[in-house]
Amino acid sequence: MAETAALARLMQGNEAIAEGALAAGARFFAGYPITPSTEIAEILAKKLPVLGGKFIQMEDEISSMAAVIGASLAGLKSLTATSGPGFSLKQENLGFAIMTEIPCVVVNVQRCGPSTGIPTATAQGDVMQARWGTHGDHPVIALTPASVQESYTLTVQAFNLSERFRTPVILLSEEVIGHCRERVVLPDISELKIIDRKKPPAGLARYNPYEPGADGVPPMANFCDGYRYHVTGLTHDESGGPTTDAEKAERLIKRLNNKVMDHLDEITMTESWMTEDAEIIVIAYGATSRSAKRAVKMAREVGIKAGLFRLITIWPFPVKEVTALCRQAHTIIFPELNLGQLIGEVERAARNETNVVGVNRVTGEMITPDEILNKIKSQVKVEQHAE
Amino acid sequence: MQNSAEKYLRTEKLPHIWCPGCGNGIVLGAMVRAFEKLGCDQDNTVIVSGIGCSSRAAGYMDFNTLHTTHGRALAFATGIKLARPEITVFVIMGDGDSSSIGGNHLIHAARRNIDLTAVIFNNSIYGMTGGQYSPLTPTGSRATTAPYSTIERPFDLPDLARAAGATYVARSTSYHAAMLTKLITAGATHKGFSLIEAITACPVSFGRRNKMGDGYDMLMWQKEHAVPVEKAKDKTPEEMRGKFLIGELYKTEAPEYTDLYNQLIRKSQMISREE
Ligand SMILES: Cc1ncc(C[n+]2csc(CCOP(=O)(O)OP(=O)(O)O)c2C)c(N)n1
């Protein structure tokens, strides 16, 4: 215990992401400065070379994403970090990494948009862009930390999922978490569970880079580690060569999606608080979930059966879990720092059987507990008042 | 082609996708002969390419090959080279790929003097998309997007690369294929950012529209318009009008990026020990 306490520190969210990345084994960062994510680059510029790792400030976000993919293909765990406008620029190569199944982590510390917006103000406006920002049918894994501590653990988790499933993982932080300073307790690195990409066995007569294992994930040889192969963003067959064959195209796109959707048990992370008997459930993610927790607590204090369900993984959207809650509660309250983006997924899960109400804000400020509490109160059924 | 050079090709992927008369195969051949001269280790060499007809060349080469997004090949290559400096990296791009959508990456790779060998297949046009003008299309040429002929001035790619900091710059043509092999070999041996422009013919999307004849006529055009640097010295500006230089155009020594980065690693470790 004493040892762990020694590792307790006051830390900024962005710093926790940098530390988490190093702990996960990241040894390559490429990026372009942008508020409110820049601290991640600054910290890694200092720390990576000391560990023999590489940091490069590229000419823009497009090339940063490209360099990260190249470095990962060469065998280094790699990440980039950005915000709104930079996240937009990364989309094409993000799709390339998904299509070519090259693991990497993309951090987006969300800020107020659209366009340049309010660079120093917080938002949750990129959740749909994270899902559908790059073109075509593709899977996405996106995680949303709600604290500095979680910025650390989820960065490690993001690398693990990315290596496990050979797909980029998006860590969607927010300005208010990235710049918040809180006490964190860093685990001993030796206690962390670290996952590395599965490699093909040595000495194969022929290595097919896109021949999946039973789990749909193809073992990955790093470039220049013994197997020679082709990587292309064109639709390709299992040998890696381009194809326009309809059947092969369908097989690839379905496998890319299924390798993620078939393993939701490994990917979906949620947290319930006082939901067992709840009649009104607040579902929230990221920093907004902290206001939501406070609101639920205040609601309980005045006798309202409220509960909180926190989404940690937002993509793939936890449909099963949310559908179950929708059956249990008469009302779902869904606060988010945008005009209502992820709420569409909740409504889809509710299938019109439950009342789903949003609480929204686009002022660059957080949603307050009172705003959520007021919404909870407004939804209390009259009979419950009488109790 | 000699058998010893053939080992650098994925012969099972042939025939290639290029049109009859296209010069890309000659440039590919020149590259493969350079690999042979260099004795390239196939397991320790990466070929990165962008998007376009020319970038398909990577798929025919038996190395670790990475066919990326339009214009971004150099940025992917930068990631690979910085991650593992011991890997030899060649980059294949088209004229639009390298100088339009990828122009920014080109000047920055040159500025960093990172040890990459870039071979640019310049067919004066956007081939893959069917003949739109590129930043290297000569003024006054016709293209599908320049039905009244282009009013834009082209880049001189070697000049651009040199100004941006490239330390080896050369140009040849598909007619001067042996010279091209020599220049690619020299560029690859050179430590730092090397750019070799290979003038090649696109009879289908450029030649036809500009009344330049077929693939053979276009090769002859290259023969008549290219002037080796050594010979240019004796020519008057009058004689050089409408002609272009080929050969080794510029070569200098400068610290290479990944070498500098390794020094930076040692420096950072020393400072962190002191702290
Ligand atoms: C982002 C993006 N924009 C546009 C395209 C369409 N596109 C494919 S190849 C190409 C131009 C290719 O011309 P060039 O680079 O000169 O190479 P060539 O085909 O002539 O060898 C374009 C515009 C694309 N693939 N990606």
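Remarks
- Across all directions, the average flat footprint of the convex hull enclosing the Cα atoms of the range A:218-335 is 10.5 nm².
- Spread over its residues, the convex hull of the C-alpha atoms of chain B is 134 Å³ per residue.
- Label-to-label distance, nm, for residues given as A:Asp370 and A:Met261 (7 Å Cα→Cβ offset): 4.5
- Using alpha-carbon coordinates, inclination of helix A:61-73 to the longest axis of chain A, degrees: 60
- Per-peptide average of other Cβ atoms within 10 Å, ordering A:215-223, A:233-241, A:75-83 highest first: A:75-83, A:215-223, A:233-241
- Scattering profile of chain A at q = 0.11, 0.15 Å⁻¹ [log10 I(q)/I(0), Debye over alpha-carbon scatterers]: -0.78, -1.32
- Under 13 Å, Cβ to Cβ, from B:Ser49 - net charge with Lys/Arg +1 and Asp/Glu -1: +1
- Among the listed pairs A:Lys46/B:Lys81; A:Lys90/A:Lys320; A:Lys199/A:Lys254, those with a Cα-Cα distance over 29 Å are A:Lys90/A:Lys320.
- The residues packed around B:Arg72, meaning those with a beta-carbon under 12 Å from its beta-carbon, carry a net charge of -4 if Lys and Arg are +1 and Asp and Glu are -1.
- Extension gain, A:Asn360 to A:Ala324, is 10.6 nm, computed as 0.36 nm per intervening residue step minus the present C-alpha separation.
- Computed on the Cα trace of the range B:139-253, the radius of gyration divided by the Kirkwood hydrodynamic radius gives Rg/Rh = 0.99.
- CD proxy at 222 nm, helix term only [per DSSP H run n ≥ 4: -39500 (n - 2.57); per residue of the protein assembly as shown; nearest 500]: -11500 deg cm²/dmol
- Across peptide B:268-275, the mean count of Cβ atoms from other chains lying within 10 Å of each residue's own Cβ comes to 3.
- Candidate lysines for bridging to B:Lys231, where Cα separation is under 20 Å - those fewer than 8 sequence places away on the same chain excluded: B:Lys182, B:Lys223, B:Lys243, B:Lys251
- The range B:201-275 and the range B:50-126: distance between their alpha carbon centers, rounded to Å: 14
- For B:135-144, mean number of other protein chain Cβ atoms within 10 Å: 0
- Percent accessible area from carbon and sulfur atoms, the range A:7-191, protein chains only, probe 1.4 Å: 55
- The angle separating the long axis of helix A:148-165 from the principal Cα axis of greatest extent in chain A is about 40 degrees.
- Portion, in percent, of the accessible area of the range B:140-274 that falls on carbon or sulfur, probe 1.4 Å: 54
- Between the Cα long axis of helix A:13-24 and the first principal axis of chain A there is an angle of about 40°, rounded to the nearest 10.
- The range A:272-386: antiparallel DSSP beta bridges as a percent of all, rounded to 5: 10
- Beta bridges by DSSP in chain B, antiparallel share as percent, to the nearest 5: 20
- Applying 1/(1 + (r/R0)^6) with R0 = 51 Å to the Cβ-Cβ distance of B:Asp259 and A:Lys381 gives a FRET efficiency near 0.10.
- Pairwise burial B:A, computed as accessible area of each alone minus the pair, summed, 1.4 Å, Å²: 3300
- 10 Å Cβ neighbours from other chains, averaged over peptide A:48-58: 6
- Percent of alpha-carbon pairs separated by more than 18 Å within the range A:272-386: 43
- Residues B:Lys37 and B:Lys211, FRET efficiency given R0 of 25 Å [Cβ-Cβ distance, rounded to 0.05]: 0.10
- Of the solvent-accessible surface of the range A:272-386, computed with a 1.4 Å probe and all protein chains present, 49% belongs to carbon and sulfur.
- Computed from label points 7 Å out along Cα-Cβ, the spacing between B:Lys267 and B:Thr144 is 5.0 nm.
- Computed lengthening from A:Glu301 to A:Asp188, 0.36 nm per intervening residue step minus Cα-Cα distance: 36.9 nm
- Bridge orientation summary for chain A: considering DSSP beta bridges with both residues in this region, about 30 percent are antiparallel.
- Solvent-accessible area per residue, Å², over the protein assembly as shown with all protein chains present [probe radius 1.4 Å]: 40
- For a straight C-alpha distance cut-off of 26 angstrom, the lysines reachable from A:Lys377 (same-chain residues fewer than eight places away being disregarded) are A:Lys293, A:Lys297, A:Lys305.
- Cβ-defined net charge surrounding A:Thr144, 11 Å radius [Lys, Arg +1; Asp, Glu -1]: -3
The values are calculated or read from the model by the stated rules, or taken from the named source; none is laboratory data. Because the structure is predicted, anything quoted here is derived from the model rather than measured. We place every Cβ from the backbone using ideal geometry, glycine too, and count neighbours over all the protein chains shown. Just so you know, the surface numbers come from the protein's heavy atoms only, side chains and all, with ligands and any DNA or RNA stripped out. Shrake-Rupley method; radii C 1.70, N 1.55, O 1.52, S 1.80 Å.
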